[in-house]
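Visitor: Got a structure for you, questions after.
The values are calculated or read from the model by the stated rules, or taken from the named source; none is laboratory data. Note that the structure is a prediction, hence the values are computed from the model and not measured. Cβ coordinates were reconstructed from backbone atoms using ideal geometry, including for glycine residues, and neighbour counts include every protein chain displayed.
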């Protein structure tokens, strides 16, 4: 860990506010381009957050580019996605490599190790108190920096300080708990109910992450499980390996993600609902693009590339949330998938970016036609 007194005696190229996965991904990507990088966060690692803890294959590709290796003994692969709604179940495998379930704390620890190895200056338990014309304020001290990046999450103070706060958004609540039980499936499973979804992700050979997301502010995991008796029976008698932890799942789009020499990355720059499972993967890809822009000394391309990267996750978020809002539509879609499983497999490929735009359109047309006859 870098001493604050040492840091304030010099200038850094990039000062990142927020030391979660998005901030660390940018720090690593920037160091790989030979920029001097400092990260500050008010917390102490490993930083925990309630999430589904599944990394899709495209997110793993982005993580591998950063040189972050995930421990096999503390993670678990899943080869696709399964949807369960009432008596209907459909599953689709990923066209290439599997996804990986991993505890958020384990992922964060590995990213911290990689950042340290590359020489990133890490200031933990060091809250940033504001922006300064020459950099950032840490209490009464000023750290000079050419670029300042907000990676401080959904409630980003940097976004507000930089005047980038105007946004459209939708909100749901999510709660997560872990159970000490062996995975029973090769898939990450999504159980659809009348007022919530439950996500089941294997994160180790003997541990499963279970999360619920709902628009109902009173919905908690125990209540949600009563709506899925077959699923609940699997956890009967299984010890909990973590306490229930909650978070807000937002869908947010910002009109701008940079101003002057301040930029945003990860959830600070906008967000897609947790139903996509793409939050971390999207942040890793944004970090690569932003690091390249910082290395070139200009941010003009970041806005365009940020919007391009967000297109597919935003589209999938709208499509999947439509299944949550409209039960009749979900029933018809599930019947269509059940009657023609290839439709769901191609949707999974589209979800991770492995299907061309033309094939995506063709699959959407085929799904519509199948729904007319189901």
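Visitor: Can you tell which of 246, 281 is in a helix (DSSP H, G or I) and in contact with a strand residue (DSSP E or B) (Cβ under 9 Å, 6 or more places away or on another chain)? Give the steps one after another, and end with the answer.
Guide: On the way: 246 fails: in a helix (DSSP H, G or I).
Criteria check complete, one pass: 281.
Visitor: Does residue 52 qualify as being closer than 30 Å to residue 172 by Cα and at pLDDT 95 or above?
Guide: Working: closer than 30 Å to residue 172 by Cα: yes; at pLDDT 95 or above: no.
In short, no.
Visitor: Specify which of the listed residues (121, 151, 62, 162) is touching a residue at least 40 places away in the same chain (Cβ under 8 Å) and more than 23 Å from residue 280 (Cα to Cα). Give the steps one after another, and end with the answer.
Guide: Numbers: 121 fails: more than 23 Å from residue 280 (Cα to Cα); 151 fails: more than 23 Å from residue 280 (Cα to Cα); 62 fails: more than 23 Å from residue 280 (Cα to Cα).
Unique residue meeting the criteria: 162.
Visitor: For region 337-360, does any single residue satisfy the condition of being surrounded by 15 or more Cβ atoms within 10 Å (Cβ to Cβ), assigned to a helix (DSSP H, G or I), modelled with pLDDT of 90 or more and assigned by TED's automatic domain parsing to the domain that holds residue 266?
Guide: No; the residues of region 337-360 include none that is surrounded by 15 or more Cβ atoms within 10 Å (Cβ to Cβ), assigned to a helix (DSSP H, G or I), modelled with pLDDT of 90 or more and assigned by TED's automatic domain parsing to the domain that holds residue 266.
Visitor: Sticking with this structure for a sec: In region 11-29, is there at least one residue being modelled with pLDDT under 95, within 20 Å of the chain's Cα centre (by Cα) and crowded, with 24+ Cβ neighbours inside 10 Å?
Guide: No - not one qualifying residue is present in region 11-29.
Quick grid of which residues meet (1) surrounded by fewer than 23 Cβ atoms within 10 Å (Cβ to Cβ); (2) touching a helix residue (DSSP H, G or I) at 6+ places or on another chain (Cβ under 9 Å); (3) touching a residue at least 40 places away in the same chain (Cβ under 8 Å):
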residue: 171; (1), (2), (3): yes, no, yes
residue: 175; (1), (2), (3): yes, yes, yes
residue: 179; (1), (2), (3): yes, yes, yes
residue: 182; (1), (2), (3): yes, no, no
residue: 188; (1), (2), (3): no, no, yes
residue: 195; (1), (2), (3): yes, yes, no
residue: 204; (1), (2), (3): yes, yes, yes
residue: 214; (1), (2), (3): yes, yes, yes
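Visitor: Please determine, by comparing only the residues of region 36-55 that are more than 12 Å from the chain's Cα centre (by Cα) and surrounded by fewer than 23 Cβ atoms within 10 Å (Cβ to Cβ), which one is nearest to residue 78 (Cα to Cα).
Guide: 48
Visitor: On the given criteria, is residue 237 on the phi > 0 side of the Ramachandran plot and in contact (Cβ under 8 Å) with a residue 40 or more places away in the chain?
Guide: Numbers: on the phi > 0 side of the Ramachandran plot: yes; in contact (Cβ under 8 Å) with a residue 40 or more places away in the chain: no.
So residue 237 does not fit the description; no.
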